[in-house]
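Visitor: Here you go, one structure.
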Amino acid sequence: MTRASVVMRGQIARGIGIPRELYTSQELYEREVEAIFQTSWLLAGHESQLPAVGDYLTVEVGDESVIVARSRSGLSAYANVCRHRGARLVDPGCGQARILACPYHQWAYEMDGSMRGAPKMPPGFDRTAYPLARVAVETWQGLVFVNLAQDPAPLSSLLAPAEQLILPFDLAEASVAHTITYDVAANWKIVWENAQECYHCSANHPELMRTFDLTSGGIEGVYRSADRRVQVTPLPLRKGAVSLTVDGDAACSLPMGAFGAGREPYTAALHMKPTFAVVCCPDYAVVLRERPLAIDRTEVTMTWLVRAGAEEGRHYDLDNLIKVWDQTNVQDWALCERTQLGVRSRFFQPGPLSGDEPSVAGFHQAYADLLAAAGL
Ligand code: FES
Ligand SMILES: [Fe+2]
């Protein structure tokens with residue numbers, strides 16, 4: 001088979017999208033997940049989910065599992081793999097622990113990943129030689145990310161150009177109101193392509209379109225990184241709306257960050273392809289994480305953030321807070337799953353992109369470059 005990056009570049013040169021074989025090759029799927037997701041910054045969660053020493057959560061990607069934990073020295077990340085005979089230390093999810101003791105033979109680790117002790121080891125056993133394998137961890141605006149690569153480019157430098165637009169929402173001073181995990185029966189690239197355009201919005205997202213003003217310039221960005229992986233775009237609001245909510249009013253009465261001090265309302269979306277996106281409104285934000293589960297299955301987790309201290313029932317009604325994006329998501333996943341069925345067909349041949357899809361083209365460019373960098 002011709003190298004996938006060469007195939008993609010040929011498609012891009014002709015102004016068309018991803019061909020069938022790049023959605024359907026199991027071998028390519030396994031290699032691209034390893035090459036792309038295991039070298040990208042992956043969202044682990046929000047700092048408010050790890051407030052106390054001993055709090056931990058896991059991040060799963062491909063065959064890997066990473067623990068992010070708070071110790072006395074701050075946040076650490078390490079492989080969820082025991083240094084004895086390799087057992088998983090903790091199950092996927094989150095928890096609280098004083099130490100991490102391997103269920104198998106009880107090797108024990110401190111919350112910073114260093115080894116605390118191991119029973120019945122011979123004299124001379126040097127516990128300092130067996131810390132858990134370190135994984136890069138970085139916090140940006142209260143959002144915690146990990147990266148499995150050896151020496152990844154700092155997240156802060158990748159996202160610095162996004163800061164100006166995102167900073168006023170003060171995501172660091174937010175807390176989690178709700179999380180929904182969706183299991184989408186579509187290839188991860190279909191899910192990302194869908195997230196890159198609003199060509200489909202008018203026909204498919206009646207709730208979102210009540211407040212999102214597509215006519216005032218669409219979703220074209222104010223910033224795109226040279227590699228097309230990072231993109232920040234304002235999402236214009238319709239006249240009279242102050243937030244992307246069912247009725248255009250704020251869903252949470254405690255505004256985010258600078259909006260509490262009277263800043264003019266606006267909304268903004270940041271994408272870091274292909275793992276993370278955040279949409280910020282003056283009263284809440286949604287954080288989106290994408291993770292491939294199989295060639296035709298993608299897990300998408302959406303987390304709703306509100307200003308720290310905002311209480312359900314007092315400052316916001318949860319159903320009202322989550323409605324627009326939950327419905328938009330469900331509508332999107334149906335479109336993605338329908339597309340997955342189509343791209344498997346022998347009759348599928350991608351057509352040209354519309355004038356409303358430049359960010360899809362940007363995603364294709366980034367995808368081609370990632371494949372090339374991985375030698376694929
Ligand atoms: S595998 Fe963990 S203690 Fe043996
Ligand atoms: Fe959509």
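The values are calculated or read from the model by the stated rules, or taken from the named source; none is laboratory data. Every value quoted in this text rests on a predicted model; they were computed, and no experiment measured them. All Cβ positions, even for glycine, are placed from backbone atoms using ideal geometry, and neighbour counts span all protein chains on display. Just so you know, the surface numbers come from the protein's heavy atoms only, side chains and all, with ligands and any DNA or RNA stripped out. Shrake-Rupley method; radii C 1.70, N 1.55, O 1.52, S 1.80 Å.
Visitor: To the nearest 20 debye, what is the magnitude of the charge dipole of the chain about its Cα centre, counting +1 on the Cβ of each Lys and Arg and -1 on the Cβ of each Asp and Glu?
Guide: Charge dipole of the chain: 900 debye, to the nearest 20.
Visitor: Whole-Hz Karplus ³J(HN,Hα) for the range 88-99, in order, using 6.51 cos²θ - 1.76 cosθ + 1.60 and θ = phi - 60°, x for Gly and Pro?
Guide: My calculation for the range 88-99 gives 4, 7, 10, 6, x, x, 10, x, 9, 8, 7, 9 Hz in order.
Visitor: Taking the square root of 5 times each eigenvalue of the Cα gyration tensor, what semi-axes in Å does the equivalent ellipsoid of the chain have, largest first?
Guide: For the chain, the ellipsoid semi-axes come out as 35, 29, 17 Å.
Visitor: Given the protein chains as shown and a 1.4 Å probe, how many square angstrom of residue 128 are accessible, to the nearest 10?
Guide: Accessible area of residue 128: about 110 Å².
Visitor: Moving on to the next point. Taking amide H atoms as placed 1.01 Å from N in the peptide plane, list the residues 5 or more away in sequence, or in a different chain, whose amide H sits under 5 Å from that of residue 55.
Guide: 70, 97
Visitor: Which lysines, on any chain, are close to residue 273 with Cα under 21 Å apart, when same-chain ones fewer than 8 places away are left out?
Guide: Once the sequence-local lysines are set aside, what remains near residue 273 is 189.
Visitor: Given a 1.4 Å probe, how much area per residue of the range 42-147 is accessible, in Å²?
Guide: Each residue of the range 42-147 exposes 47 Å² on average to a 1.4 Å probe.
Visitor: Label points 7 Å out from Cα along the Cβ direction at residue 308 and residue 175: separation in nm?
Guide: 0.9 nm
Visitor: Right, another one. Step through the residues of the range 269-285 one at a time and calculate ³J(HN,Hα) from phi using the Karplus curve (6.51 cos²θ - 1.76 cosθ + 1.60, θ = phi - 60°), rounding each to whole Hz and writing x for Gly and Pro.
Guide: 10, 10, 10, 10, 6, x, 10, 8, 8, 9, 10, 10, 10, x, 10, 6, 9
Visitor: Also, I was wondering about something else. Report, to the nearest whole %, how much of the accessible area of the range 68-203 belongs to carbon and sulfur atoms, 1.4 Å probe, protein only.
Guide: Its accessible area is 51 percent carbon and sulfur atoms.
Visitor: Working with all protein chains in place, sort 278, 330 by solvent-accessible area computed with a 1.4 Å probe, largest first.
Guide: From most exposed to least exposed: 330, 278.
Visitor: From the backbone phi of the range 183-200, what are the Karplus-calculated ³J(HN,Hα) couplings (6.51 cos²θ - 1.76 cosθ + 1.60, θ = phi - 60°) in whole Hz, Gly and Pro given as x?
Guide: With the stated coefficients, the range 183-200 comes to 10, 9, 7, 8, 4, 4, 6, 5, 5, 6, 4, 4, 6, 8, 9, 10, 4, 8 Hz.
Visitor: Can you bin the range 1-116 into rounded, prolate or oblate? Criterion: square roots of the alpha carbon gyration tensor eigenvalues sorted a ≥ b ≥ c, rounded for a/c under 1.5, prolate for a/b above b/c, oblate for the rest.
Guide: Prolate, because a/c is 1.5 or more and a/b exceeds b/c.
Visitor: For residue 140, which sequence-distant residues (separation of 5 or more, or a different chain) have an amide H within less than 5 Å of its own amide H, given hydrogens modelled in the peptide plane?
Guide: Amide H to amide H, under 5 Å and 5 or more residues apart or across chains, residue 140 pairs with 145.
Visitor: What is the percent carbon and sulfur in the accessible area of the range 204-355, measuring with a 1.4 Å probe over the protein chains and ignoring ligands?
Guide: With neighbouring chains kept in place, the figure for the range 204-355 is 50 percent.
Visitor: Let me ask you something else. Under 5 Å between amide hydrogens, which residues at least 5 positions from residue 223 or on another chain qualify, with H placed 1.01 Å from N in the peptide plane?
Guide: Those lying under 5 Å, H to H, from residue 223 are 232.
Visitor: Then there's this: Quick one: putting +1 on the C-beta of Lys and Arg, -1 on the C-beta of Asp and Glu, what dipole do you get for the range 42-147 around its Cα centre, in Debye to the nearest 20?
Guide: Once rounded to the nearest 20, the dipole reads 480 debye.
Visitor: Between 29, 199, 104, find the one with the highest GNM mean-square fluctuation for the chain; connect C-alpha pairs within less than 10 Å.
Guide: Its mean-square fluctuation being the largest, the pick is 104.
Visitor: Show 332, 91, 227, 326 ordered by accessible area, largest first, where the area counts protein heavy atoms only and the probe is 1.4 Å.
Guide: Sorted by accessible area, descending: 91, 227, 326, 332.
Visitor: Find how much the distance from residue 120 to residue 6 grows on full extension, using 0.36 nm per residue of separation minus their present alpha carbon separation; answer in nm with one decimal.
Guide: Length gained between residue 120 and residue 6: 35.5 nm.
Visitor: Going from most exposed to least, what order do 337, 27 have by accessible area with a 1.4 Å probe?
Guide: Greatest to least solvent exposure: 27, 337.
Visitor: Per-residue accessible area for residue 205 at 1.4 Å probe radius, Å² rounded to 10?
Guide: For residue 205, solvent-accessible area is about 0 Å².
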